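Chemist: Before we start, here is the structure in question, set down as structure tokens.
Quick note: the coordinates plus some simple rules give every number you see, no bench work behind them. These numbers were taken from a predicted model, which means no experiment stands behind them. Backbone-built Cβ (ideal geometry, glycine too); neighbour counts: all protein chains shown.
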Amino acid sequence: MSRSDDIWILGIHMTKFGKHPNLDVVDLGAEAIQGALADAGITMADIGVLAAGNLLGSGSIAQQLQKQVGQTGIPAYNVSNACATGATALRTAIMAVKAGEVDMGLAVGVEKLAGAGLLGAGGRAKADNDEWERNGRFGAVGPVDGRIGTESMPGVFAQIGMEYGHKYGGADFELFAKISEKNHAHSTLNPLAAYNKAMSLEQIMNDVMIAYPNTRPMCSANCDGAAAAVVINGEKLKTLSLEQQRRAVKVSASILTSDPWQEACQVLPDVNTLTRSAAHQAYEQAGVGPQDLNLVELHDCFATAELVHYDNLMLCDEGGAVDFFESGAAHRDGRLPVNVSGGLQSKGHPISATGIANIWEVCQHVRGEAGDRQIEGAKVGLAHVIGLASACGVHILERSAA
Amino acid sequence: MSTATQIPFVEYLRLEPTPHLVANECTSCGARYFDRRNACAACFATDFSPVDIPTEGVVRSFSIITFAAPGVEVPFVAAVIDCGGTSVRANIINCPPDPEHVSLGMNVRLATTVVGTDSAGVEAVNYGFEPA
Ligand SMILES: [Zn+2]
């Protein structure tokens, strides 16, 4: 067993995001795995560990996938970490490789979400009891959703963006809609995105309001999709072909955080502190700063969320997210392009796939293989995901020097 | 005046002597919780004492919810209220649910509303915040 501290992505694949009525989660996950193995130039026989994520399926997705792509008896982990599930699966595989237990690991995330309705807005009808009876941690005599604030994701993330506006000013409905306009425009160059249509500011602002200030196109697009990645340690990589070494992407940082206690975190999820903490650790681990990044894929589950993460990932000065966006920096021709894939709002958000799909996007660019949407000369990129509760994954990816 | 028996919708709402919220405050670090905790999430201490929360505050964030889970009436205004340093989750009530009438930094005060009456004739009373 070889062992070294540096970790590389040897192969990675993302399926088309969108509607796949004739494919189930196993079909989609298997397609992603076989794509990643082919991209890596290896087979399941080389893989020492599998970590798989799927939130809405029937369970044991890792073992279900092994039955389609190869049952080799390796340890298989089923991971679940809300919208950070894909990143958590990748991190699980990375930890096994880093620990020296295996040379290569495989991570996959897959979801079937097309037509699922808006996140946090589905589920059972809620009825009150005949006689009041206290339930839950608040001893409530009825459902609190809608009576004491909201549990809907669009509403929660709307408040997260509005809170930033309250703190620093300048963030209004139109600004958030402009962020969405950018991402929808970016997606026109991404053939794997669920939606490829540009939308005007007027179209976005006049669309159906879901949770002010988020209209429908400002919310992440539910869709089907999968993504998978093969990771390998540096010593083993040196034994492979020069072409494999040249295309391998260095994982300069792999960080996962949960939310530390903050005064208000019991009433509104704090997505800021754990993201800032993950970014800090990632920059330190990678030995790069935000000024060194050529592109960022961040978790724009809602337009209101993208704004706060400019700040949390330190792409701008503290409190400067509005100015950062207004300067044009985040556009694909700007100083630091953000979500050139179209982001969750337009590329789509098949929950468990997202945390690997955003890494796939960055890999495409640093490999120089992103086609029409290539960010010229991209060498270093950052991928960020957040799952409420909360979990935050930040990965920094760098082009191979080989 | 109503003779119906009233109970608070949630345990951290007190109706007497006047409606107000009560938090469990960590006696070690002062962190406040509206639900019960085995230990303080901030400092891990295990002793708590009840503390009254100011009934006036400022809207620190809000969203006007126009699309919600089945059974949830829309539109309504979900908000975070800063009540003298303690953050409270609540609806903004007695106010039209539109951006012309709800604004960041708006002063609000606690108000109550009857959620419903059960088969025994008991009224459940919930809280919200209204423009002050
Ligand atoms: Zn404490």
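Chemist: In segment A:251-342, how does Rg compare with the Kirkwood Rh, expressed as the Rg/Rh ratio over alpha carbon atoms? Kindly include the intermediate steps, with their values, before the conclusion.
Modeler: Numbers: Rg = 13.3 Å, Rh = 13.8 Å.
Rg/Rh: 0.96.
Chemist: Further question: Within segment A:251-339, which chymotrypsin sites (Phe, Trp or Tyr not before Pro) sit in a loop by DSSP and count at most 16 neighbouring Cβ atoms inside 10 Å? Walk me through the numbers on the way to the answer.
Modeler: On the way: sites: A:Trp261, A:Tyr283, A:Phe302, A:Tyr310, A:Phe324, A:Phe325; in loops: A:Trp261.
Answer by residue number: A:Trp261.
Chemist: Moving to a separate point now. Counting only DSSP beta bridges with both residues in segment B:6-131, tell me the antiparallel percent, nearest 5.
Modeler: Details: 36 of 40 bridges.
The antiparallel fraction comes to roughly 90 percent.
Chemist: What does the average come to when, for each residue of peptide B:5-15, you count the partner chain Cβ atoms lying within 10 Å of its Cβ? Please list the in-between numbers first.
Modeler: Values: counts 0, 0, 3, 4, 10, 11, 7, 4, 4, 0, 0.
Per residue, the number of nearby Cβ atoms from other chains is 4 on average.
Chemist: Same structure, new question: Check the cysteines of chain B one by one and keep only those with no other cysteine Cβ under 4.7 Å from their own.
Modeler: B:Cys83, B:Cys95
Chemist: If you line up the long axis of helix A:85-98 against the longest principal axis of chain A, both from Cα atoms, how many degrees apart are they, to the nearest 10?
Modeler: Between helix and principal axis, roughly 30 degrees.
Chemist: Taking a point 7 angstrom from the Cα of A:Glu318 along the C-beta vector, which residues in segment A:263-281 have backbone N less than 19 Å away?
Modeler: In segment A:263-281, the label zone of A:Glu318 (backbone N under 19 Å from the point 7 Å along Cα→Cβ) covers A:263-265, A:270-281.
Chemist: To test your reading of the geometry: what angle, between 0 and 90 degrees and rounded to tens, separates the Cα axis of helix A:351-366 from the longest principal axis of chain A?
Modeler: 60
Chemist: Ranking B:Leu15, A:Leu23, A:Leu295 by Cβ neighbours within 10 Å, fewest first, what do you get?
Modeler: Details: B:Leu15 14, A:Leu23 17, A:Leu295 24.
Final ranking by Cβ density, sparse to dense: B:Leu15, A:Leu23, A:Leu295.
Chemist: Testing the spin-label approximation: label points 7 Å from Cα along Cα→Cβ at B:Glu73 and A:Thr72. State their distance in nm.
Modeler: Those two pseudo-labels are separated by 6.0 nm.
Chemist: Counting partner chain Cβ atoms within 10 Å of every residue's Cβ in A:260-269, what's the average?
Modeler: That average works out to 6.
Chemist: Restricting to DSSP H runs of at least four residues, report the calculated mean residue ellipticity at 222 nm for chain A, -39500 (n - 2.57) per run over all residues, nearest 500 deg cm²/dmol.
Modeler: Values: 13 runs with 138 residues, N = 402.
For chain A, the value works out to -10500 deg cm²/dmol.
Chemist: Mind pulling the per residue volume of the convex hull built on the Cα atoms of the protein assembly as shown? Å³ is fine. The partial results should precede the final answer.
Modeler: Numbers: hull volume 81.3 nm³, N = 534.
Enclosed volume per residue, from the Cα hull, is 152 Å³.
Chemist: What residue among B:Ala79, B:Ala39, B:Ala111 shows peak mean-square fluctuation when chain B is described by a Gaussian network model with Cα springs under 10 Å?
Modeler: With Cα springs under 10 Å in chain B, the top fluctuation among B:Ala79, B:Ala39, B:Ala111 is at B:Ala39.
Chemist: Gaussian network model of chain A, Cα springs within a sub-10 Å range: biggest mean-square fluctuation belongs to which of A:His20, A:His184, A:His384?
Modeler: Fluctuation is largest for A:His20.
Chemist: While we're on this one: How about A:Lys178: which aspartates and glutamates have a C-alpha closer than 19 Å to its C-alpha, ignoring those fewer than 8 places off in the same chain?
Modeler: Leaving aside aspartates and glutamates fewer than 8 places away in the same chain, those within reach of A:Lys178 are A:Glu163, A:Glu202, A:Asp207, A:Glu297, A:Asp300, A:Glu306, A:Asp311, A:Asp323, A:Glu326, A:Asp333.
Chemist: So what's the Cα pair-distance distribution over segment A:1-84, bin width 10 Å, in %?
Modeler: Here the calculated profile for segment A:1-84 is 15, 47, 33, 5, 1.
Chemist: In terms of modelled amide H atoms, which long-range or inter-chain residues lie less than 5 Å from the amide H of A:Glu151?
Modeler: A:Gly146
Chemist: Oh, and also: In µm²/s, what is D for segment A:312-365 at 20 °C and 1.002 mPa s, where D = kT/(6 pi eta Rh) by Stokes-Einstein and Rh is the Kirkwood radius from Cα pairs? Provide the component values of the computation, followed by the final result.
Modeler: Numbers: Rh = 12.3 Å.
Estimated diffusion coefficient is 174 µm²/s.
Chemist: Which FRET efficiency value, to the nearest 0.05, do you get for A:Glu133 and A:Leu242 by plugging their Cβ-Cβ distance into 1/(1 + (r/R0)^6) with R0 = 56 Å? Don't jump to the answer; show the numbers that get you there.
Modeler: Details: r = 69 Å, r/R0 = 1.23.
E between A:Glu133 and A:Leu242, to the nearest 0.05, is 0.20.
Chemist: Select from B:Ser119, A:Ala357, A:Ile9 the residue farthest towards the positive end of the dipole of the protein assembly as shown; place +1 on Cβ of Lys and Arg, -1 on Cβ of Asp and Glu, and compute about the Cα centre.
Modeler: A:Ile9
Chemist: If you find the alpha carbon centre of segment A:329-343 and of segment B:40-90, how far apart are they in angstrom?
Modeler: 35
Chemist: Moving on. At a 10 Å Cβ-Cβ cut-off, how would you order A:Ser258, A:Ser152, fewest neighbours first? Provide the component values of the computation, followed by the final result.
Modeler: Working: A:Ser258 14, A:Ser152 26.
Ascending number of Cβ neighbours within 10 Å: A:Ser258, A:Ser152.
Chemist: Here is a follow-up. Quick one: dipole size for chain A, taken about the Cα centre, charges +1 on Lys/Arg Cβ and -1 on Asp/Glu Cβ, in debye to the nearest 20.
Modeler: Details: 30 positive and 44 negative charges, 179 e Å.
Magnitude of the dipole: close to 860 debye.
Chemist: Among A:Lys16/A:Lys379; A:Lys67/A:Lys98; A:Lys98/A:Lys250; A:Lys250/A:Lys379, which pairs are too far apart, with a Cα-Cα distance over 20 Å? Show your work: numbers first, answer last.
Modeler: Details: A:Lys16/A:Lys379 25 Å; A:Lys67/A:Lys98 27 Å; A:Lys98/A:Lys250 13 Å; A:Lys250/A:Lys379 10 Å.
Table pairs above 20 Å Cα-Cα are A:Lys16/A:Lys379; A:Lys67/A:Lys98.
Chemist: In Å, what Rg and Dmax follow from the Cα atoms of chain B?
Modeler: 16.2, 46
Chemist: Ok, one more. Name the most mobile residue of B:Asp82, B:Asp118, B:Asp47, meaning the one with the largest mean-square fluctuation, in a Gaussian network model of chain B with Cα contacts below 10 Å.
Modeler: B:Asp118
Chemist: Which cross-chain or sequence-distant (5 or more) residues have an amide H under 5 Å from the amide H of A:Leu113, H modelled 1.01 Å from N in plane?
Modeler: Residues meeting the criterion, in which the H sits 1.01 Å from N, are A:Cys223, A:Asp224, A:Gly225.
Chemist: Counting only other chains, and only Cβ atoms inside 10 Å, what mean value do you get across the residues of B:121-127?
Modeler: Working: counts 0, 3, 1, 6, 1, 6, 2.
Rounded to a whole number, the mean comes out at 3.
Chemist: Using the basic label-point model (7 angstrom from Cα toward the beta carbon), what is the A:Leu56 to B:Ser49 distance in nanometres?
Modeler: Rounded to a tenth, the inter-label distance reads 4.9 nm.
Chemist: Let me ask something else. When the dipole is taken about the Cα centre of segment B:10-132, and only Lys, Arg (+1) and Asp, Glu (-1) are charged at their Cβ, what size is it in debye, to the nearest 20? Present the calculation step by step, with values, prior to reporting the outcome.
Modeler: Working: 7 positive and 14 negative charges, 66 e Å.
Computed charge dipole of segment B:10-132: roughly 320 debye.
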